[in-house]
Amino acid sequence: KIADFASERATQEEFLKIKKKNKERLLLLIKNDMKERHGRTSEYIKMHTLSSDALFDVHIKRIHEYKRQLMNALHLLMLYFELKETKDPSHRVKRFAIFSGKAAPGYALAKNIIRFIYCLARKVNQDPDIKDRLKIAFIENYNVSKAEVIIPGTDLSEQISTAGMEASG
């Protein structure tokens, strides 16, 4: 029945307030996760400046080559190079890409995908030319409790598995 109220300004404003609150909860989860892992490192401080006005682009699922986390990370690499080359990136939407998921212990490719995401995040997040236009984070130890914070704070959910290969949809 929410569709009946979708065009009402008060409903839209209330929805946006709720979304902002959920994004701020997600930012707090990420900041606490990074502080726990790294202490007050430069990466943590750079992420600390991120605001909830960015597009929260989230890819959370088991790490596997057919779930396309690598393709998503390569897309972010492409965006990074575009931002580096563009003299006026103000037309670009601020994007905060968030990954999370677990890999099978013996799955070397999945571990390399996670490693690549970490390396890409370190490069992008510390680049002063990019500022707040693009940030990347990987939330470790993904579980239901974290999903309860991540999912409501998501603007764009990346469900880009190969057709017919995704069991959990």
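The values are calculated or read from the model by the stated rules, or taken from the named source; none is laboratory data. None of these values were measured; they are calculated from a predicted model. Note that each Cβ is placed from the backbone with ideal geometry, even for glycine, and that neighbours are counted across all protein chains shown. These accessible areas exclude ligands, DNA and RNA; they are computed on the full protein's heavy atoms, side chains included. Shrake-Rupley method; radii C 1.70, N 1.55, O 1.52, S 1.80 Å.
Number of residues in region 73-101 that are farther than 19 Å from residue 63 by Cβ and either aromatic (Phe, Trp, Tyr) or in contact with a His (Cβ under 6 Å, 6 or more places away or on another chain) (or both) equals 3. Scanning region 104-160 for residues that are in a loop (DSSP other than H, G, I, E, B), among the hydroxyl-bearing types (Ser, Thr, Tyr) and free of Cβ contacts under 8 Å to residues at least 60 places away in the same chain gives a single hit, 107. Is at least one residue of region 80-99 open to solvent by 30 Å² or more (accessible area, probe 1.4 Å), closer than 29 Å to residue 22 by Cβ, of a type in the set (Val, Ile, Thr) and modelled with pLDDT under 95? Yes, the conditions are met somewhere in region 80-99.
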